[in-house]
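Asks: First the structure, then my questions, so here it is.
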Amino acid sequence: MKTRIGFNLLALLLALTACTLPNFGPDEGEQPTSKVLFQDDFSDPYSGWDQIEEPEGVTNYHDGKYRIYVGATNTDVWANPGLEFTDSLIDVEATKVGGDNNNDFGVICRYQDGGNFYFFVISSDGYYGIGKLSGGTQMLIGTQSMPPSEVILQGDNTNNIRAGCVGSTLTLIVNGETLAEFEDTEFASGDVGLLAGSFTNPGTEIYFDNFQALRP
C-alpha cells in the first residue's frame, strides 16, 4: 500500500490573461455533442494552460502534448487552464516518458487556489487514489493509502484517466474501469487541471493528451 501523505507541494502559478480558446469541433463523420464543456488536444500552445519552467518543475506544451516535469523529490507539480465549472467529467490520456515508476499523475477538479482542490491520481507502478488539498493540507479521501490495481498499465504506457466531480460524488475511472467512488462536500466548483508528482526520486515526466471536460 502506497502512502501519499505529507509531501512537499509545488504550485506553479501563472497569471492568466484573457485569451480565445481553440474550437476543437467534431471530426468529419462524428456527431457533435453538447456535453463538451472544454477540450484541448494541445496542438495550440496558446490555448490557456500554464507555461512555467523552473528547476523544480516544468509545465508546458511539447510536440502536440502537454508536458509536466518534476525536478524535485516528494513534490507535486500541476497546471490549470483558468476555467470555472461546477459538475464535470474530466478525461485525459497520460503517458509516462521519464522518471521512476514510483510516481503519481492525474487530473484536478474544483480548483480554488494552490491550497484547495480535489485530485485523482494513478502511479506507473499501479496504484491509485482520490484526495484533496484543503487549506494547504494534503489528504486522501476514503482511504489511508493508495491501493494497487491491475487495471492500471504500468511503466511507460498510456492510461486513460477519467474523474467525475458530480455533486458530492468523486469518482475515479481508469481505462474504462471504476476504481474508486467517495463523497466529499468541501468544494462545489472551480478550475480543472493536470498534475504529476515524485516520491523519493526526481525526474517524473508525464505527457498528457486529448483533455476533455464534459457535462455529466
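The values are calculated or read from the model by the stated rules, or taken from the named source; none is laboratory data. A quick note: this is a predicted structure, and the numbers were derived from the prediction, not measured. The accessibility values were calculated without ligands, DNA or RNA, using every heavy atom of the protein model including side chains. Shrake-Rupley method; radii C 1.70, N 1.55, O 1.52, S 1.80 Å.
Asks: Karplus couplings for segment 53-70 from phi (6.51 cos²θ - 1.76 cosθ + 1.60, θ = phi - 60°), rounded to Hz, Gly and Pro as x?
Replies: After applying 6.51 cos²θ - 1.76 cosθ + 1.60, I find 10, 9, x, 6, x, 10, 10, 6, 6, 7, 6, x, 10, 10, 9, 10, 10, 10 Hz.
Asks: Also, I was wondering about something else. For segment 75-203, just run the numbers: alpha carbon Rg, then divide by 2.2 N^0.38 Å, N being how many residues it has.
Replies: Compactness ratio reported: 0.96.
Asks: So between Ser149 and Asp41, what do we pick up on full extension, going 0.36 nm a residue minus the alpha carbon distance?
Replies: Full-extension gain reported as 36.1 nm.
Asks: What percentage of the solvent-accessible surface of segment 32-89, computed with a 1.4 Å probe over protein heavy atoms, is contributed by carbon and sulfur atoms?
Replies: Ligands and nucleic acids excluded, carbon and sulfur reach 45 percent.
Asks: A further question on this structure: In what sequence, largest accessible area first, do Glu56, Glu205 appear using a 1.4 Å probe?
Replies: These residues rank, largest area first, as Glu56, Glu205.
Asks: Averaged per residue, what accessible area in Å² does segment 50-185 show with a 1.4 Å probe, protein chains only?
Replies: Accessible area per residue, segment 50-185: 37 Å².
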